[in-house]
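Okay, so here's the structure we're looking at.
The values are calculated or read from the model by the stated rules, or taken from the named source; none is laboratory data. Just so it is clear, the model here is predicted, and its values are computed rather than measured. FYI the Cβ positions are ideal-geometry reconstructions off the backbone, even for glycines, and counts take in every protein chain you see. Keep in mind that these areas ignore ligands, DNA and RNA; they rest on the heavy atoms of the full protein, side chains included. Shrake-Rupley method; radii C 1.70, N 1.55, O 1.52, S 1.80 Å.
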Amino acid sequence: MRVVSIPEGGMRMYEQTMTRIKDTVQGTMQSVSSTPTLGTSGPEMKTRKYKIEDPKVISDISKVVSPSEAGISAKEADYPPEMQNFVKATNRGLTLDGQPFFITGFNNYYLVTRAAWLGEGRNMTDEVFESARNLGSNTLRIWGFVDGDNWNALQPEAGVIDEKMFSNGLDYVVANAQKYGIRLIVSFTNYWDAYGGMLQYVKWANKTSIADFYTDPQIKSMFKDYIYYVINRKNTVDGVLYKNNPAILGWEIANEPRDPGVPGSPALQAWIEEIAGYVKKLDSNHLVMVGSEGFFGPSTASKSRLSANPYTQVFAPISKRPYHYDAVCEGADFEANNKPNSIDIAVIHAYPDHWAACDDDCKTNFAKRWIRHHLEAAAELGRPLLIGEFNALKPVARRNSFIQLVHTELVSAAKKGYPVAGSLAWMLTGSSYPDYDGFSIYHNNETAAHLPRPPWNMPDTEREVERASHYKLKEMLECMAKRAEEYVSDEGLHLNDGWEDTSKIISDHVQELNKVTEVA
């Protein structure tokens, strides 16, 4: 591993911006009262579908329209100088105009649907951009897809683009990013079913499992069609092709892709290589990233690194003994997934509250190990590391400590020469948006009420059965049971660092596993 020093000026800018974010979170982050959810007000707006030119030609790369034939450049659009050039990646980090560039900012998944809701929704979109700029952020990560029968869908049917939604939604958001000096990381789809995502493509092809999304030729063709359309779209607001717009920092091929039940999934790996390579052929200007959480998998030789994987709970046994959640069984493999040359930035997420079933000190230790192991792995891969999502649940003071931890770890690593890309907190929202997941960050919102987050609806049985099939729940449980059996004779690998600090229910099962190990 080769590490280099980072110029002091770039590091100082990163520290100053992160401090502004932390200070704002400490002073103003609050939950909000329940407000109408999707579909209760603005979503009643009628839309009209337009059949855009048949995207099936996208399999032939030579048919891509050149920049000289359609659209204009960022310079021709009279963008400010700081937004006319593209962010670049090296094995030492990110650069802009030859100077170190650190990503600092937030996630927001609803910007496109709200922007297409003219009036109230458009105001909500502008509020997020305004807040991000006031916080000193330089990047927002957004969803670049809305599929199926979801409100304000960009792609209501396979291969059918709603031109009005694109024009009022994604076009506006991309143009707004230029206006506010905020760069975008745009995700093409979602492992989870929110906003359509992979499950919608599986339904369109009359398939049933997430595995089909990665292997079925028809599904892959539909997905490539959509990618082609987005990358080559000419923005109706400013006339710039998406692929020529420096406001887009990069493309994320999916949010949190997994293939449950298959450690180091060959299908997922092949899909990553195929789709990332395809995006690079279409667009050499922008950075490409996978978008996964960062679970270490079978390609990881270091047992200490594997032991840094998340653990959340112990499941009732379907084998002879209890076993704990095993992230290797999710199918993702951080080192293998980020090795292809078409990947520019290695992404991880960090949620100690979801991934470490133990007290706060234990969760802090987990977060440090999680970040440090990935910094080491990213340096070996020659990829800048981006913490693409992170946050902790309230109380706010507790959340602040975690934000500070992430800040400290990344600044320290960058000073030591590790390839740090930056971080994006989950998530920055407007003042009227409910705190659905408990992670919302509100900027200077004095009217936000200190009320509990809105309750989740009771699960629909039919939908849950469908989800269990799609997300391969049976295969996931079988995988964890099999690996639990293997761990017994694998030098106690299942007793990872910090395991003794977990909650009582976990430690009780650990004692049982210890007894089994002693017998073996």
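Summary of computed values
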{"read-out": "Spin-label proximity, residue 365 to the range 282-306 - amide N less than 19 Å from point 7 Å beyond Cα toward beta carbon", "value": "303-306"}
{"read-out": "R0 of 25 Å, Cβ-Cβ distance residue 97-residue 284: FRET efficiency to nearest 0.05", "value": "0.85"}
{"read-out": "Largest-first ellipsoid semi-axes for the range 353-442, taking √(5λ) over the Cα gyration tensor eigenvalues, angstrom", "value": "25, 16, 11"}
{"read-out": "Estimated D of the range 167-267 in µm² per second, where Rh is the Kirkwood radius over Cα pairs and Stokes-Einstein applies at 37 °C, 0.692 mPa s", "value": "220 µm²/s"}
{"read-out": "Debye log10 I(q)/I(0) at q = 0.09, 0.21, 0.22 Å⁻¹ for the range 220-364, Cα point scatterers", "value": "-0.37, -1.25, -1.33"}
{"read-out": "Residues of the range 235-384: accessible area per residue with a 1.4 Å probe, Å²", "value": "29 Å²"}
{"read-out": "Cα centroid of the range 231-289 to Cα centroid of the range 325-348, whole Å", "value": "15 Å"}
{"read-out": "Placed amide H near residue 288: partners under 5 Å, 5+ positions off or other chain", "value": "251, 344, 345"}
{"read-out": "Debye equation applied to the C-alpha atoms of the range 103-236, log10 I(q)/I(0) at 0.18, 0.19 Å⁻¹", "value": "-0.96, -1.04"}
{"read-out": "Burial order of peptide ranges 431-439, 104-112 (average beta-carbon count within 10 Å, highest first)", "value": "104-112, 431-439"}
{"read-out": "Accessible surface of the range 80-219, 1.4 Å probe, proportion on carbon and sulfur as whole %", "value": "46 percent"}
{"read-out": "Potential lengthening between residue 120 and residue 73 on full extension [0.36 nm per residue; Cα-Cα distance subtracted]", "value": "13.8 nm"}
{"read-out": "1.4 Å probe accessible area per residue over the range 65-194, in Å²", "value": "33 Å²"}
{"read-out": "Sites residue 194 and residue 397, calculated FRET efficiency, Cβ-Cβ separation with R0 41 Å, nearest 0.05", "value": "0.90"}
